[in-house]
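Colleague: So that we are looking at the same thing, I have put the structure below in structure tokens.
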Amino acid sequence: MYGFYKGILPPILAETPKRAVKALSLAGLGSGLTEALVVNPFEVVKVSLQANRDSFKGQPSTFAQARLIINSHGFGLRGLNKGLTSTLGRHGVFNMIYFGFYFNVKDAFAASQDPRLEFMRKFTIGLLSGTISSCVNIPFDVAKSRIQGPQPVTGEIKYRSCFQTMTLVYREEGYLALYKGLIPKIMRLGPGGAVMLLVYEYVSGWLQRNW
């Protein structure tokens, strides 16, 4: 009977990490999509307030701006959920790569007994996770900014949907336009991603030891 199981060890060794990568990436994707659904209305209000050229004293409050958007365009994809597809892409892609990369690369390199080296190991992998994720998801971020921000011509909607906007930007401005703002994004989310995962690692470790 054991003859049927000859050569079983190599596939197990190959498939286990592969499926772990898929599971972590899918978990990251799911968390990113959920996050996007929650934050998108707030992003729409935030962008509309930031685009307002009136003096600070003359600007409406956050709730007044949200009410204005709802009264004018409703809750749908032209109103409070404008740019939803781009936000889903931005958060989903980022979290999918971010969590999948971090936890699998971290497990590929042995932990150090020196606390300082271990800190640097985790910080470096977290920094790479945030940087790579930012590089991959920024076209969605650019599309989101174009859709939710002021349109080039008042009263005329040029940027309508996620992939239509990406295609339009590519045709009119070249592929590098899809990476506008990449350096500031990396400077924010590279170290930010490293800090977030370090806090998660140390807090979860402390909870496991003390609870």
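Colleague: How do the pairs read when you match residues in the stretch 112-136 that are under 14 Å from Leu198 (Cβ atoms) with residues anywhere that are basic (Lys, Arg) and surrounded by 14 or more Cβ atoms within 10 Å (Cβ to Cβ), using Cβ under 9 Å and keeping only pairs 6 or more apart or on different chains?
Modeller: Note: pairs meeting the criteria are Arg121/Lys106; Lys122/Lys106; Ile125/Lys106; Gly126/Lys106.
Colleague: Given Leu168, Leu176, which one is loosely packed, with under 13 Cβ neighbours inside 10 Å, assigned to a helix (DSSP H, G or I) and either of a type in the set (A, V, I, L, M) or modelled with pLDDT of 95 or more (or both)?
Modeller: Testing whether each residue is loosely packed, with under 13 Cβ neighbours inside 10 Å, assigned to a helix (DSSP H, G or I) and either of a type in the set (A, V, I, L, M) or modelled with pLDDT of 95 or more (or both) leaves just Leu176.
Colleague: Next up: Could you please tell me which pairs satisfy a Cβ distance under 8 Å, a separation of 6+ or placement on different chains, a first residue in the stretch 24-35 that is closer than 11 Å to Phe94 by Cα and touching a residue at least 24 places away in the same chain (Cβ under 8 Å), and a second residue that is among the aromatic types (Phe, Trp, Tyr) and surrounded by 19 or more Cβ atoms within 10 Å (Cβ to Cβ)?
Modeller: Ser25/Phe99; Gly28/Tyr98; Gly28/Phe99; Ser31/Phe99; Gly32/Phe94
Colleague: Write out, first by first residue and then by second, each pair whose Cβ atoms fall under 8 Å of each other, whose residues are 6+ apart or on separate chains, and whose first residue, in the stretch 71-82, is among the polar types (S, T, N, Q) while the second is in a loop (DSSP other than H, G, I, E, B) and surrounded by 11 or more Cβ atoms within 10 Å (Cβ to Cβ).
Modeller: Ser72/Gly79; Asn81/Phe75
Colleague: Of all residues in the stretch 179-211, which are charged (D, E, K, R) and exposed (fewer than 15 other Cβ atoms within 10 Å of the Cβ)?
Modeller: Filtering the stretch 179-211 down to residues charged (D, E, K, R) leaves 180, 185, 188, 201, 209.
Scanning the stretch 179-211 gives Arg188, Arg209.
Colleague: In the stretch 148-165, what count of residues is obtained for those that are surrounded by 12 or more Cβ atoms within 10 Å (Cβ to Cβ), polar (S, T, N, Q) and either in contact with a Lys or Arg (Cβ under 7 Å, 6 or more places away or on another chain) or without any contact (Cβ under 8 Å) to a residue 12 or more places away in the chain (or both)?
Modeller: Going through the stretch 148-165, the residues surrounded by 12 or more Cβ atoms within 10 Å (Cβ to Cβ) turn out to be 148-151, 158-165.
Applying the additional criterion that residues be polar (S, T, N, Q) yields 148, 151, 161, 164-165.
Keeping just the survivors that are either in contact with a Lys or Arg (Cβ under 7 Å, 6 or more places away or on another chain) or without any contact (Cβ under 8 Å) to a residue 12 or more places away in the chain (or both) gives 148, 151, 164-165.
Residues meeting the conditions: 4.
Colleague: Scan the stretch 70-84 and give yes if some residue there is surrounded by 14 or more Cβ atoms within 10 Å (Cβ to Cβ), under 17 Å from the mean Cα position of the chain (by Cα) and either of a type outside the set (A, V, I, L, M) or at pLDDT 90 or above (or both), otherwise no.
Modeller: yes
The values are calculated or read from the model by the stated rules, or taken from the named source; none is laboratory data. Since this is a predicted model, take the numbers as computed values, not measurements. Cβ: placed from backbone, ideal geometry, glycine included. Neighbour counts: every protein chain shown.
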